[in-house]
Amino acid sequence: MVTLREITKDNYEECLNLKVADTQKDFVSSTVHSLAQAWIYYHTAFPFAVYAENTMVGFLMLGYYEAEGYYTLWKFLIDEKYQNRGYGREALKLGIEYLIDRFQVKEIYTAYHAANHVAKKLYASVGFRETGETAGNEIGMRLIINDEMTSR
């Protein structure tokens, strides 16, 4: 069972030790960098540890992008030791549910590195679609929330 849990003084060091494979390091920020951003943007950043049962397996940070006026999947990683077990997809769905339940969002944005085909496939599997917008190597995606997603 996958859950999202608050990052606290009791688990932050474990979160800081989460790592992706060397081949993925250009695709995602470290948790150190992400938690620093969460601290600075504490009003609009929502960081979570991803747990499978009682083992921390990843990190997910959602946010509200004030300049554009939308919610976003901002940071996301599953530790290299726990990839390819379905944890990422489940955590992503929980993050979407969190934004729907807490903020009644109608759409969520994210982006992936053009070379990160795994992220593209994962995001598409839960309904994200490319927007046609790019910024450097980043390709924008948007999830439009439908009635099925809000009637759990």
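Read-outs: derived from the displayed coordinates by stated rules, not from any lab. Not measured: the values here are computed from a predicted model. Neighbour counts run over all protein chains shown; Cβ positions are idealised from the backbone, glycine included.
Data overview
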{"quantity": "Test: residue in the stretch 108-126 that is out of contact with any Phe, Trp or Tyr (no Cβ under 7 Å at 6 or more places or on another chain), of a type in the set (Ser, Thr, Tyr) and more than 13 Å from Tyr71 (Cα to Cα)", "calculated": "yes"}
{"quantity": "Answer residue from the stretch 1-40, given it is among the hydroxyl-bearing types (Ser, Thr, Tyr), crowded, with 16+ Cβ neighbours inside 10 Å and in contact with a Phe, Trp or Tyr (Cβ under 7 Å, 6 or more places away or on another chain) and is farthest from Ile139 (Cα to Cα) among those", "calculated": "Thr31"}
{"quantity": "Selection within the stretch 1-51 - within 16 Å of the chain's Cα centre (by Cα), touching a residue at least 40 places away in the same chain (Cβ under 8 Å) and part of a helix (DSSP H, G or I)", "calculated": "Cys15, Gln24, Thr31, Ser34"}
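Listed here are the residues, each with its yes/no results for (1) assigned to a strand (DSSP E or B); (2) without any contact (Cβ under 8 Å) to a residue 40 or more places away in the chain; (3) crowded, with 21+ Cβ neighbours inside 10 Å; (4) in contact with a strand residue (DSSP E or B) (Cβ under 9 Å, 6 or more places away or on another chain).
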position	(1), (2), (3), (4)
Tyr64	yes, yes, no, yes
Ala67	no, yes, no, no
Phe76	yes, no, yes, yes
Arg85	no, yes, no, yes
Leu92	no, yes, yes, yes
Tyr109	yes, no, no, yes
Lys121	no, yes, no, no
Gly132	yes, yes, no, yes
Arg142	yes, yes, no, yes
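Every residue, every condition in (1) out of contact with any Lys or Arg (no Cβ under 6 Å at 6 or more places or on another chain); (2) closer than 17 Å to Gly95 by Cα, yes or no:
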residue: Phe27; (1), (2): yes, no
residue: Ser30; (1), (2): yes, no
residue: Gln37; (1), (2): yes, no
residue: Tyr41; (1), (2): yes, no
residue: Ala49; (1), (2): no, yes
residue: Phe59; (1), (2): yes, yes
residue: Tyr65; (1), (2): yes, yes
residue: Thr72; (1), (2): yes, yes
residue: Leu77; (1), (2): yes, yes
